[in-house]
Amino acid sequence: MKTKTLFLHPLFLFTFVWLGALSLYLLRLSKLLSATNEQATSAIAIILVPYAVVMGGTTLYLHLAPKLRKQRKQLLCNSAEIDELLILKGRLKRWLFVWIFLSAAEIVMSGGLPLVWLLTGNPKTYADFGIPSLHGLLNSMLLALGLCYTAIFARYGGRRHLLFSVAIVCWAVLVVTRGMIIVNLLQTVLVIVLYRGIPGKLAIKLVALALIIVIGFGALGDLRSGAAAFREVAQPTETYPQWLPSGVLWVYIYLTTPLNNLIYTIESVQPVDNILFPSTVAPLFPTVVRKVVYGESTESALSGELVDQAFNVSTAYIGPFQDYGAIGMMCFSILISVIAAFYWWRTNFRDELIYIVIGQCLLISVFYDYFFSLPIITQVIWIYLFLSPKRSKIKELQKRESLKVPAHG
């Protein structure tokens with residue numbers, strides 16, 4: 001196994017995205033960004049300092065501990081590797097059929113697809129699609145399937161496996177869900193970089209992909225909300241380059257307004273000081289259960305105080321702050337740093353895929369808390385299910401003679 005690139009290290013990912021968000025915020029290209037430089041810098045320090053300290057200490061401990069320095073047994077390795085790969089593909093295929101069947105049922109019960117509704121003027125929106133709770137579970141399954149297929153491509157070859165990631169994007173467009181597109185693309189890029197590094201050609205492709213994502217993100221947003229309407233609520237300043245594609249403004253606003261809302265909440269809300277962290281944990285419950293346990297007030301608890309109702313997310317730290325103030329934010333940073341460091345150190349195929357999910361959560365933390373988002377973090381359970389080490393020894397022996405190593409694509 002090749003050495004993991006430091007570009008994927010949890011300290012680099014987290015620091016890069018949060019300092020990037022701060023840098024964009026300090027450009028002040030929107031009139032919505034009202035916090036002072038000191039307030040913005042102070043909020044970032046509360047988030048980054050404990051994360052960096054604990055990450056450094058945890059990484060040092062894992063590196064020096066004698067038992068942990070030994071190479072762990074991989075789930076896909078040596079003479080059993082091809083057998084395991086075949087079993088994995090079989091499991092993925094079966095679960096894909098389950099997803100297709102249940103998604104078809106959702107389409108029938110919803111009376112169509114959101115993109116068709118949008119194009120035909122139907123008053124229904126993407127929020128009306130799917131069966132509550134089940135829809136989130138199916139999204140999680142689809143993302144986990146896509147991650148596994150992409151990992152097979154990145155590690156063993158076979159370009160056809162990469163088509164599954166493209167299929168997820170197409171499905172996300174049909175159901176008008178930009179969040180799924182972003183999660184899928186981030187996980188696709190991270191897992192390819194994990195197993196293939198970042199050679200020059202790949203770096204160029206990633207830059208081109210980033211540009212396509214920005215332009216496509218804006219185009220889908222314009223289709224969903226309208227370009228003129230978005231500019232009106234985004235309130236770009238006179239210094240904003242008007243000639244840039246609308247996707248640039250979409251991305252800029254979506255990266256800076258969550259931090260803006262977090263700072264606004266810090267300055268205007270008194271934390272409840274509840275050690276059970278109800279606002280942080282609430283998203284782990286399915287929609288139906290969440291409303292029973294937390295009532296209708298859960299939405300405001302998840303978003304915090306908003307500068308503008310059009311932008312209703314406030315980073316991954318809005319829940320921890322409302323639960324326990326600055327201490328809650330620091331505890332959250334410590335928790336995710338320990339989890340990220342642990343899975344970064346692991347070397348088996350299953351845990352490396354779990355780290356990809358965690359790494360994506362680290363990148364998205366400037367926008368939303370995917371660590372405690374049921375449709376996202378449930379991918380971990382699906383990965384454990386897909387890559388369970390239990391297998392039939394008889395089937396392995398029967399298949400081993402006829403197996404061929406898949407060609408690299």
Count, please, the residues in the range 279-333 that happen to be in a helix (DSSP H, G or I), modelled with pLDDT under 85, more than 26 Å from Ala234 (Cβ to Cβ) and more than 21 Å from the chain's Cα centre (by Cα). 8
Could you check the range 334-364 and list, in sequence order, the residues that are of a type in the set (Ser, Thr, Tyr) and either at positive phi or assigned to a helix (DSSP H, G or I) (or both)? Ser337, Tyr343, Tyr355
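Table: residues versus (1) among the basic types (Lys, Arg); (2) modelled with pLDDT under 90.
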site	(1), (2)
Phe101	no, no
Pro123	no, yes
Ala127	no, yes
Met141	no, no
Ala144	no, no
Tyr149	no, no
Ile152	no, no
Arg160	yes, yes
Phe164	no, yes
Which residue pairs have Cβ atoms under 8 Å apart, sit 6 or more places apart or on different chains, and have a first residue in the range 165-179 that is farther than 17 Å from Val116 by Cα and buried (at least 17 other Cβ atoms within 10 Å of the Cβ) and a second that is at pLDDT below 90 and among the β-branched types (Val, Ile, Thr)? Ile168/Ile181
Conditions: (1) outside any helix (DSSP H, G or I); (2) modelled with pLDDT under 90. Phe367 meets all but one. Number of the miss? (2)
For the range 58-89: of the residues being surrounded by 11 or more Cβ atoms within 10 Å (Cβ to Cβ) and small (Gly, Ala, Ser), which is modelled with the highest pLDDT? Ala65
Mind checking which residues of the range 115-138 are part of a helix (DSSP H, G or I) and farther than 24 Å from Ile377 by Cβ? Leu115, Val116, Trp117, Leu118, Leu119, Thr120, Asp128
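The values are calculated or read from the model by the stated rules, or taken from the named source; none is laboratory data. In this text the structure is predicted, and so the values were computed from the model without any measurement. Virtual Cβ from ideal backbone geometry, glycine too; neighbours counted across all protein chains shown.
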